[in-house]
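One structure is given below, encoded as C-alpha cells.
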Amino acid sequence: MFGKSLVYFTAVLGVAHGYKATITAYGSSDNNGSGNCKKTGACGFYFDPGYSAAVSQNLYGVAGGQGAGPACGKCFALTAETDSTGNKLSGTKSVVVRVDNLCPASGGNDVCSMPTLQDTNSYGANVNFDLCIDSGANTAVFGDNDIGLAVGTAEEVDCSQWSGKQVGSGWKRHAWAFSA
C-alpha cells in the first residue's frame, strides 16, 4: 500500500530539481557597470516587485544572443550556506527567486561557465544564480553577511511559492512556455 501511495504522490508532485549552486549578485550598484537588472533581460520580461536572478548558461538552456531559454520564468528556492572560502554563514534563510536573465558562459565569468549541469565551477557548484541587486534578492539571500559570493543549494519549486509580478511577456511566445 505504501509503495503505491509513494508512486502516486511522486507522480502528482513531480520530481524537484536540486543543484549545488554558487550565488552571486549583479545590478546597478555592482562593480561591473551592469545597470538596473529590473529592466527587461534575456527572457524578454522582468519582475517588479519580486526577487529575480540570472542563471548560468547550462541551466538557462541557450547561449547569449539566442533569446529566452527554457529556464525563463522558473522558480528556485536558494539557500546560502558558506562564503567563497567555505566559512559557514549565519542568519541566512531560503528565498524563492524567479529566473529572468542569463549569466553567459563567455567573457571569463568562471562561476557561469560550466558546459553541462554535471560539470562544476571552481567552487564545486553545478549552477550559478546571479541575484538581481535592484530587486533586493541579494539582501534577502545573503542576510547580514557582507559577502559577494555564497555557495549553497538551489531547488526548483512551484512558482506559487514566489511573490511578485511579471512585467512583459516575451517568454510566452515559445513552445516550451508555461503559465505564470
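Values quoted throughout were computed directly from the atomic coordinates according to the rules given, and no laboratory measurement underlies them. Predicted model, so just to flag it, every value in this text is computed and none were measured. Cβ: placed from backbone, ideal geometry, glycine included. Neighbour counts: every protein chain shown.
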When a/c is below 1.5 the answer is rounded, else prolate if a/b is larger than b/c, else oblate, so apply that to segment 116-165 with a ≥ b ≥ c taken from the square roots of the Cα gyration tensor eigenvalues.
-> oblate
Please say if segment 63-180 is rounded, prolate or oblate, where rounded means a/c under 1.5 for a ≥ b ≥ c the square roots of the C-alpha gyration tensor eigenvalues, and otherwise the choice is prolate for a/b larger than b/c and oblate otherwise?
-> oblate
Under 14 Å from the 7 Å Cα→Cβ point of residue 119, by amide nitrogen: which residues of segment 46-85?
-> 56-64
Can you give the net charge of the other residues whose Cβ lies under 14 Å from the Cβ of residue 52, counting K and R as +1 and D and E as -1?
-> +1
In segment 53-180, what percentage of the DSSP-assigned beta bridges are antiparallel, given to the nearest 5?
-> 80
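Over segment 16-160, how many pairs of lysines fall under 22 Å by alpha carbon, counting only those 8 or more apart in sequence or from different chains?
Lysine pairs, 8 or more places apart or on different chains, close enough: 6.
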